[in-house]
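**Student:** I'd like to ask some things about the structure below.
The numbers here are math on the coordinates, done by the rules we state, and not lab data. Note that the coordinates shown come from a computational prediction; the quantities given were computed from them, not determined experimentally. Note: ideal-geometry Cβ built from the backbone for every residue, glycine included; neighbour counts use all protein chains shown.
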Amino acid sequence: MPSISNPKVVFASIPEAMPIPGKDLVYDVSEQIDLDTVEVPSSGLLVKLLSLSLDPYLRGKMHKPNPKNYTSSFHPGETIYNFAVAEVLRSNDKTYPVGSNLYGIFKAQSYQVIAGPPAGATVGDAGQFKILDNTEGLDWTSWTGAAGMPGKTAFYGMRALAKAKKGESIFVSSAYGAVGALVCQIAKSEYGLKVIASAGSEEKVKYLREELGVDVAFNYKTEDTAEQLEKFGGIDIFWDGVGGSTLDAALGALKFGGRAIECGMISNYNNVAAGTNFKNFMKVIGSGLTITGFLVFQYEKEYQEEFYKVFPAKLASGEYKFREHIINGLEGIPQGFVDMLDGKNEGKVVVRVA
């Protein structure tokens, strides 16, 4: 077989603020690959990328490398990577036979040679993958979205940290997002919670009310968050994907013994100083609040088996609703990533590669 193009998306430079497509993130078609002759190492694989997730947390990997960060930074000139699904084309590892569809961390490149997994690796670690049988019949994009890391984040976080009791209330910020929308549904269907949710447009608010069935939804761009939470009567749990002033308002609304689950702080991703002037932080002491940040891999071993047993089937049956904003092809990633940070997406941002 003659060599073919092997396109990829490269992190070219560290953004000063919002990443610039074509400057900081670049679609690169310079590489070629011969799928028949490329060398595959012992215990290694040759895979074809099928779908890739784009997530806001990737913005945090585009800062200057800092050993204190929870995740390693992308380095200029490096191909970006994230949770993805890939098909095995050639295999020197009997664990992953040819034709298997694997979920794990892959580069944003059409074809890639993967070395064998390091000792003790789990799903999400480089070189360690889960074989997806996909008996549920979900699209491969869904396995990088609602049935992938975002779904796990919602599922694991509620299981491990919410300490929810039926009849309690939860406020979900960024509730239209991939994680937030699932948290809303889990909170109502599995825990019997009263749900208040915020989003950034009237269309998104309408979806939260009419499709997901939240108790109260509001547009945080036109309504004051603190006032809405006061009208709601306060909250027992806060699921945070925003940070900044939204977190401050939620701290003010949390009842005694309330729990804040810190999943993301998108308001700080392009402005690290955003929301540093908190007015309500003393309530952490006065109201006995708990603020817990978490990363999905912390609970992988504890909840992964249960997640795959029940969650994809609920997505496939329609019991849990989800929307996808599909980018077709790697070439759409640079602009699609920026559009996602601007909130222009209409659902979970996933890339259909092949």
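**Student:** With 28 Å as the limit, write out which pairs from K255/K301; K221/K283; K107/K301; K107/K348; K206/K309 have Cα-Cα distances beyond it, or answer none.
**Tutor:** Going by Cα-Cα distance, K255/K301; K206/K309 fall outside the 28 Å limit.
**Student:** For the chain, what is the calculated [θ] at 222 nm in deg cm²/dmol (nearest 500), taking -39500 (n - 2.57) for each run of four or more DSSP H residues and dividing by its residue count?
**Tutor:** -7000 deg cm²/dmol
**Student:** Roughly what % of DSSP beta bridges within the chain run antiparallel, to the nearest 5?
**Tutor:** 55 percent
**Student:** If you place +1 on the Cβ of every Lys and Arg, -1 on the Cβ of every Asp and Glu, and leave all else neutral, what size is the dipole of segment 145-249 about its Cα centre, to the nearest 20 Debye? Please list the in-between numbers first.
**Tutor:** Details: 12 positive and 14 negative charges, 96 e Å.
The calculation lands at about 460 debye.
**Student:** Quick one: if you stick a label point 7 Å off each Cα along the C-beta vector at A17 and E211, how many nm between them?
**Tutor:** Using points 7 Å along Cα→Cβ, the separation is 3.1 nm.
**Student:** Would you calculate the separation in nanometres between label points at A313 and N92, each defined as 7 Å from the Cα along the Cα-to-beta-carbon direction?
**Tutor:** Modelled inter-label distance: 3.9 nm.
**Student:** Using amide H atoms built 1.01 Å from N in the peptide plane, name the residues 5+ places from S169, or on other chains, whose amide H lies under 5 Å from its own.
**Tutor:** When sequence neighbours closer than 5 places are left aside, the close amide H contacts are K194, D236, I237.
**Student:** What percentages make up the Cα-Cα pair-distance distribution of the chain when the bins are 20 Å wide from 0?
**Tutor:** 29, 57, 13, 0
**Student:** Which whole number of Å³ per residue matches the convex hull of the alpha-carbon atoms in segment 44-99? Could the numbers behind the result be given before it?
**Tutor:** On the way: hull volume 6.4 nm³, N = 56.
Convex hull volume per residue, Cα atoms: 114 Å³.
**Student:** With a point put 7 Å past each Cα toward its Cβ, work out how far N219 is from S30 in nm, to one decimal.
**Tutor:** In this crude spin-label approximation the distance works out to 4.6 nm.
**Student:** Could you tell me which of A84, Y308, L341 has its Cα farthest along the dipole of the chain towards the positive end, charges placed at Cβ (Lys, Arg +1; Asp, Glu -1), taken about the Cα centre?
**Tutor:** Positive-most Cα among the choices belongs to Y308.
**Student:** Set the Förster distance to 51 Å, then compute FRET efficiency between N328 and F281 from the Cβ-Cβ distance, nearest 0.05.
**Tutor:** 0.70
**Student:** A further question on this structure: Let's see if you can work this out: charge +1 on each Lys and Arg Cβ, -1 on each Asp and Glu Cβ, no other charges. What is the dipole magnitude of the chain about its Cα centre, in debye to the nearest 20?
**Tutor:** Value, rounded to 20: 820 debye.
**Student:** OK, next. Using r as the Cβ-Cβ distance of E202 and A160, and R0 as 41 Å, what FRET efficiency do you calculate, to the nearest 0.05?
**Tutor:** 0.75
**Student:** Can I ask one more? Could you compute the net charge surrounding L35? Neighbours are other residues with a C-beta less than 14 Å from the C-beta of L35; K and R count +1, D and E count -1.
**Tutor:** Residues near L35 contribute -3 overall.
**Student:** Summing +1 for each Lys or Arg and -1 for each Asp or Glu, what net charge is found among the other residues whose Cβ lies under 11 Å from the Cβ of L49?
**Tutor:** Around L49, the charge tally is +3.
**Student:** Taking only Cα atoms of segment 1-50, what ratio of Rg to Rh do you get with Rh as the Kirkwood inverse-distance radius?
**Tutor:** Using only Cα positions, Rg/Rh for segment 1-50 is 1.13.
**Student:** For segment 180-257, what does the alpha-carbon gyration tensor say about shape, rounded, prolate or oblate, given a ≥ b ≥ c as the root eigenvalues, a/c under 1.5 as rounded, and a/b over b/c as prolate? Present the calculation step by step, with values, prior to reporting the outcome.
**Tutor:** Values: a/c = 1.68, a/b = 1.11, b/c = 1.51.
Because a/c hits 1.5 or more and a/b fails to exceed b/c, segment 180-257 counts as oblate.
**Student:** Follow-up. Classify segment 149-296 as rounded, prolate or oblate, taking a ≥ b ≥ c as the square roots of the eigenvalues of its Cα gyration tensor: rounded when a/c is under 1.5, otherwise prolate if a/b is larger than b/c and oblate if not. Working shown, then result.
**Tutor:** Numbers: a/c = 1.23, a/b = 1.12, b/c = 1.11.
It is rounded, given that a/c, with a ≥ b ≥ c, falls under 1.5.
**Student:** Quick one: net charge around G151, please, counting Lys, Arg +1 and Asp, Glu -1 for every other residue with C-beta under 10 Å from its C-beta.
**Tutor:** +3
**Student:** Taking the dipole about the Cα centre of the chain, with the C-beta of Lys and Arg at +1 and of Asp and Glu at -1, give me whichever of L54, G44, V10 is farthest to the positive side.
**Tutor:** Checking the options against the dipole of the chain, the answer is L54.
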